[in-house]
1. Among Glu32, Glu166, Glu71, which one moves the most in a GNM of the chain with springs linking Cα atoms closer than 10 Å?
2. Please find, in a Gaussian network model of the chain (springs between Cα atoms separated by less than 10 Å), the residue of Leu34, Leu179, Leu109 whose mean-square fluctuation is greatest.
3. Quick check on my link table: of Lys122/Lys154; Lys108/Lys232; Lys46/Lys232; Lys46/Lys122, which ones sit more than 18 Å apart, alpha carbon to alpha carbon?
4. Just the ratio, please: alpha-carbon radius of gyration of the range 110-166 over 2.2 N^0.38 Å, N its number of residues.
5. Go ahead and estimate [θ] at 222 nm for the chain from helices alone: -39,500 (n - 2.57) per DSSP H run with n ≥ 4, summed, over the residue count, rounded to 500.
6. Given +1 on the Cβ of Lys and Arg, -1 on the Cβ of Asp and Glu, and no further charges, what dipole in debye does the chain carry about its Cα centre, rounded to the nearest 20?
7. Sort 118-129, 193-204 by the packing proxy (mean of other Cβ within 10 Å over each peptide's residues), most packed first.
8. Looking at Thr167, Ala203, Pro52, which one has the Cα that reaches farthest to the positive end of the dipole of the range 23-250 (charges on Cβ: Lys, Arg +1; Asp, Glu -1)?
Amino acid sequence: MRLAAALCALAFWAASAAAAPASASIDAIHLEMLVQRIAKLDTQVKQGVMVPRSRRALDAAMREFDEALREAHAEAPAGELRETYALLTLLWMQFRSWHSGGGDVVQKLRERTDEMAWIASKAARLVQESARATSNAQAVRAGNAAVLAQRVAKIHLWMLRDLRDETLARDLRDSDENLHRLIQALREAPAPSPVVEAEIANAQSQARFMDDAVRELGTPASRARAVEFIAKTGDNITESMERAARLYVAAP
C-alpha cells in the first residue's frame, strides 16, 4: 500500500511538472501578444478609434505586460532566457518613456515595438524549446494565432497613419496569410471538446469579418466603420485563440 501511495504521488508530481512547462509556453506567447496589443491600442487612441474604450484597454494591457514581464524575468533560469527578458525589460522602459512623453513619436514607437516583438518572440521560442517534450502543439498554434490577430490589426492601423513601406506591406501579407493558415489548421484537426471547436469557429468567422472590413478601407464613406471593425475583430480572434490555447493545455 505504501508503494502504491508513493507511485500515485510520483505520478501526480510528474503530471504537475509536465503541465507547468506547457502552460509556461502559452504564458510566453501571451507576453508576445501583449507587445502587439499595446502598439495596436496606442494607435487606436491616437487615431480616435473608440477612444475611451481603447484608452482603458491600453492602460490595462500595459499594467499586465509590466507585471507579466517582471514575473517572467524573475522566474527565468540563469542563461540566455534571463538575458533575453532583461533586454526586453530595457526596451520596455524606453517604450514607456516615449509613450508617456506625449507627442506623436510614431516612428520611434514603431521601431521599439518591432524590437520588443522580436525579443519577446525569441523568449517564447526559448521557453518552447525547453518544454518541447510537454508542449501542446495545438495550444502553441492557437497562441501564435492570437499574436498574429493583434499584429495584423496593428499594421492596418499603422498604415492608415502613413507608415507605408515595402517592409511593412510584406509583414502584413505574411502575418495575414499565417493567421488564416493557423486557424484553418486548427479547424481541420480534432478538437478536444465542443467548446474548443466553437472558439476556433468563432475565430475563423471573425477573420472573415476582418477581411471584409479591410476591403472597405478604400471607400471613404465606410472607412471609419471599417477601422473600428478591424480593431474589434482583431481582439475577438485573440480572445478566442487564447481561450482555446488554455483549453488545449488543460485537456487530457
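1. Looking only at Glu32, Glu166, Glu71, the largest GNM fluctuation is found for Glu166.
2. Result: Leu109 has the largest fluctuation of those listed.
3. Numbers: Lys122/Lys154 20 Å; Lys108/Lys232 25 Å; Lys46/Lys232 16 Å; Lys46/Lys122 29 Å.
Checking Cα-Cα distances, Lys122/Lys154; Lys108/Lys232; Lys46/Lys122 exceed 18 Å.
4. 1.39
5. Using -39500 (n - 2.57) per qualifying helix, the result is -30000 deg cm²/dmol.
6. Working: 33 positive and 33 negative charges, 63 e Å.
Roughly 300 debye, rounded to the nearest 20.
7. Taking the mean over residues of other Cβ atoms within 10 Å, the ranking is 118-129, 193-204.
8. Pro52
Values in this text are rule-based calculations from the coordinates and carry no lab data. What you are looking at is a predicted structure, and each value in this text was computed from that prediction instead of being measured. Using ideal geometry, Cβ is built from the backbone for each residue, glycine included, and neighbour counts are taken over all protein chains shown.
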